[in-house]
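**Q** Sharing a structure with you now.
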Amino acid sequence: MDIEIELKLLATPSAQQDILTWLGQSTLNYRVFPGKQLRNDYFETPQRTLRKHDIGLRIRGHNGEFEQTVKTKGRVIAGMHQRPEYNVPLSTPDLKLDLFELEIWPQSIDVAELESQLYTMFSTDFLRHTYLITWDNTTQIELVFDIGKITANGRQVDICEIELELKMGDPRQLFELAKQLVNVTPLRFGLQSKAARGYQLADNRTDEQYEPPTHFDAFPDKPLIENAVSALEQALSVWQQGEAAFYQSQSIDDWRTMRAGISLLHEIIAVYQSSFVTYASTETDESAPAADVLALQKKVSSLLMHYQQTDTLLAAQYMQAHHFLELNEVPHHAVVNLQLNEFIVNRNLLTMLNDVLANPENMRVQLSLGAFCMHVAKEEGARTAQMSTHGKKHPTHSALQQFITDALLTDEENVAQPRNKLAVCKVLWGEINLEGALQSDINPWSVFRREDKITMCKALKNLLEEQVLRLDPKIEQALLAWCANNESI
């Protein structure tokens, strides 16, 4: 068994030449391998037995040589895929499941019966360019660029992606290499594997709108730092899933979800800041490049500055689309609506959103966060193992309970608004029994999607102060007075 650890990145057709040029100009030690045309057939039963168990099964062929592969359920951390993988060579492109060790299959599966039901559900056919990069003399990363097609039932979709697979060394270096590649060629995270896209094509399914979970997973039996990193990972997932959905749908609703993930992540860093600082002060790896969470916080804050103009336009669009002014009896709403409409029609909203998203800093910040989460997970795992060796245990349940109590009571300087902090707490710990401490009619995702009444009041005030809306002074005074009376919790 091998553990496949890789980053999947969606690219453009020019990426292969961009990367080759960059490698030639870099000081990295690398090898270039001849391109390979790879054919992969993926198998499934009519009952979707493999999918139900998060198992992928394929036969790969190249130049008359074949390999049978099973991938079992894995984990995704900040966009990095980790899955157990089992490979056996074949002389012909015919399934022979008995060549695998029996223990790789769930006990509920009868392997002989399974094999009798399998059929080719979809196929991939792509040209693979491969580069083996030695990073800092301790880490080897295989960079592959795949371009081709996925086909199923007479339909097809394009493949154009980069995979960075760890062959040896530190997984964090995958993120560091990806940060350099972002400066070379346009990239974004590929959250779906080729197999997942194949299933979608074979079942003729379209992407459904992404809805973030009502509450995140929290772990009272684990140390505070593990809860903090888990919260970051889950918020980053909301960001990435929302972004992927927006690229597909071009829906403003998906954009708002993506934007909510970034805001939530920013606030989580603030809420858990003391835990991160304490962790960094006891860190054993002094060379860790992402150990300073305050630097991460600054990066996210700086990124959010790029969203200010689109935030203003989205607020104006939301006010119109949801009749915010009329429903809240805003003074002179008919006059204000006319000017809001003029402001909106004079700008191409989707063009603005896509231009902001094309900023490479979006990817760089996500990759920095991924490297940080990976580093803390690695260090914390080593500490836990060391403490177990010496018969020690982390303080857990009572520590988290006390932390939650303190977080709810403390006025944090880095949390923008009390309602933002309450929204964070409801998402993070909403499923933990807090004896009514979080009872509130606040909708946390409405806050982070910037759709609540308080945010709209502030947006209206900004539109007036920035002179986007040019109104009679008396009307403007009435509006500002209304905003002042409605922009508090």
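**Q** State the extension gain, in nm to one decimal, for the chain segment bounded by residue 308 and residue 278, taking 0.36 nm per residue of separation less the distance between their alpha-carbons.
**A** 7.6 nm
**Q** Per DSSP H run of n ≥ 4, the term is -39500 (n - 2.57); total these for the chain, divide by its residue number, and report the mean residue ellipticity at 222 nm rounded to 500 deg cm²/dmol.
**A** Per the formula, -15000 deg cm²/dmol.
**Q** If you don't mind, there's one more thing I want to ask. How much length is gained if the chain between residue 132 and residue 29 is pulled fully straight, taking 0.36 nm per residue apart and subtracting their Cα-Cα distance, in nm to one decimal?
**A** Residue separation times 0.36 nm, minus the Cα-Cα distance, leaves 36.2 nm.
**Q** Where only protein heavy atoms count, and the probe is 1.4 Å, what is the accessible area per residue for the chain in Å²?
**A** For the chain, the per-residue accessible area is 48 Å².
**Q** Could you tell me the calculated FRET efficiency between residue 488 and residue 298, based on Cβ-Cβ distance and R0 = 30 angstrom, to the nearest 0.05?
**A** 0.60
**Q** Same structure again: What is the local net charge at residue 139, summed over the other residues whose Cβ is closer than 12 Å to its Cβ (Lys, Arg +1; Asp, Glu -1)?
**A** -3
**Q** If you wrap a convex hull around the Cα atoms of region 439-489, how much volume per residue is inside, in Å³?
**A** That works out to 69 Å³ per residue.
**Q** First measure r as the distance between the Cβ atoms of residue 90 and residue 249, then evaluate 1/(1 + (r/R0)^6) with R0 = 45 Å and state the FRET efficiency to the nearest 0.05.
**A** FRET efficiency, residue 90 to residue 249: 0.65.
**Q** Going through the cross-link list 222/378; 299/453; 194/222; 167/222, which pairs have a Cα-Cα distance over 26 Å in this structure?
**A** 299/453; 194/222; 167/222
**Q** Additional query: Once the piece of chain linking residue 167 and residue 431 is laid out straight, how much longer is it, given 0.36 nm per residue of separation minus the C-alpha distance between them?
**A** Result: 91.1 nm gained on full extension.
**Q** Turning to a different aspect of this structure: What distance in nm lies between label points placed 7 Å from Cα along the C-beta direction at residue 409 and residue 332?
**A** The answer from the label model is 4.7 nm.
**Q** Continuing with this model, one more query. Work out the length of the dipole vector of the chain about its Cα centre, built from +1 on the beta-carbon of each Lys and Arg and -1 on the beta-carbon of each Asp and Glu, and round it to the nearest 20 debye.
**A** In total the dipole reaches around 540 debye.
**Q** FRET efficiency for residue 37 and residue 203, Cβ-Cβ distance as r, R0 = 30 Å, nearest 0.05?
**A** So the FRET efficiency works out to roughly 0.65.
**Q** Per-residue counts of other Cβ atoms within 10 Å, averaged by peptide: what ranking do you get for 18-24, 176-182, highest first?
**A** By packing density, highest mean first, the sequence is 176-182, 18-24.
The values are calculated or read from the model by the stated rules, or taken from the named source; none is laboratory data. This is a predicted model, so every value here is computed, not measured. Note that each Cβ is placed from the backbone with ideal geometry, even for glycine, and that neighbours are counted across all protein chains shown. Remember, those area values only see protein heavy atoms, side chains included, never the ligands or the DNA or RNA. Shrake-Rupley method; radii C 1.70, N 1.55, O 1.52, S 1.80 Å.
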